[in-house]
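The values are calculated or read from the model by the stated rules, or taken from the named source; none is laboratory data. Quantities reported herein were computed from a predicted structural model and do not represent experimental measurements. When we count neighbours, we look across all protein chains shown, and the Cβ atoms used for this are built from the backbone with ideal geometry, even at glycine.
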Ligand code: WAQ
Ligand code: MG
């Protein structure tokens, strides 16, 4: 069967004299069979042109044929959810799950060490807020491994296997489970931490092959547009370039 990758990004030119720049409005990507290309393409254009972030004056749609043999099919991570009373509690639960995984010294699991790692993780999270992609953090060395720190790394070329959906609007959960499943399967990946940057979307998640996909129903206040992603990686398990190559190039469909 023939598959095609479709990618859309839309932006708006902001004319603020010295500060003139392209403001990102919307982006989407799919991997679909030949018979869906046209419908998905027009749905993407609709999504771009009806976005609440603004009216785009530039829309780029890229369509590439993908060799079926180059596609890896992955089983979606199992999903669980944690209900919390408020954002603070949600963040706490997320840190509780992730902090022990950051401990590279397998013997010392001391309370002091875990507290240090928790503070580190909080600081890293703040650094992701202005980024368009994810932070790639090496738990073995404490270094950031993104080739471009401002942009971060982007996971791309992925979709749900059975999504016939040509809906114009974003389903946060459906897109996130696909991304998280691909990321969890990248070489050397330890875990992922995610908060949406959408001011109206307060549910976030932590994920790994062992944890599965753990939805945490509130991780920030409504109206807050600070979000980001951290990919925790272990350079003792794989080479950073292999991990980045997988995230950016490998075609993945999630079942
Ligand atoms: N690769 C790497 N990082 C990304 C990507 C990508 N493809 N897309 C977004 N990011 C980074 C970027 O820095 C964003 O600011 C941040 O992640 C959040 O992205 O179960 O909507 O698309 O209901 O706002 C979670 C769903 C939704 C939880 C997450 O993220 C649930 C979401 P957003
Ligand atoms: Mg967003």
> Tally time: how many residues in the range 54-86 are surrounded by 14 or more Cβ atoms within 10 Å (Cβ to Cβ) and under 27 Å from residue 218 (Cβ atoms)?
Replying inline: 5
> Somewhere in the range 231-249, is a residue near ligand 1 (Cβ under 9 Å from one of its atoms), crowded, with 21+ Cβ neighbours inside 10 Å and closer than 24 Å to residue 93 by Cα?
Replying inline: yes
> So which of 190, 202, 183, 206 ends up being modelled with pLDDT of 95 or more, within 11 Å of ligand 1 (Cβ to nearest atom) and in a strand (DSSP E or B)?
Replying inline: 206
> Since residue 156 meets every condition but one in (1) more than 9 Å from ligand 1 (Cβ to nearest atom); (2) assigned to a loop (DSSP other than H, G, I, E, B); (3) in contact with a helix residue (DSSP H, G or I) (Cβ under 9 Å, 6 or more places away or on another chain), which condition does it not meet?
Replying inline: (1)
> Just wondering, is there one or more residues in the range 194-204 that are away from ligand 2 (no atom under 13 Å from the Cβ) and crowded, with 17+ Cβ neighbours inside 10 Å?
Replying inline: no
>> Given the condition closer than 21 Å to residue 92 by Cβ and surrounded by 14 or more Cβ atoms within 10 Å (Cβ to Cβ), answer yes or no: does some residue in the range 146-165 qualify?
In response: no
>> For residue 133, only one of the following conditions fails: (1) more than 16 Å from ligand 2 (Cβ to nearest atom); (2) surrounded by 16 or more Cβ atoms within 10 Å (Cβ to Cβ). What is its number?
In response: (1)
> Among the residues of the range 34-67, how many are touching a strand residue (DSSP E or B) at 6+ places or on another chain (Cβ under 6 Å) and within 30 Å of residue 209 (Cβ to Cβ)?
Replying inline: 3
> Which one of these is closer than 13 Å to residue 9 by Cα, within 23 Å of the chain's Cα centre (by Cα) and part of a strand (DSSP E or B): 63, 73?
Replying inline: 63
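To keep it simple, each residue is scored yes or no on (1) part of a loop (DSSP other than H, G, I, E, B); (2) without any contact (Cβ under 8 Å) to a residue 24 or more places away in the chain.
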residue	(1), (2)
84	yes, no
93	no, no
114	no, yes
117	no, yes
136	no, no
140	yes, no
149	yes, yes
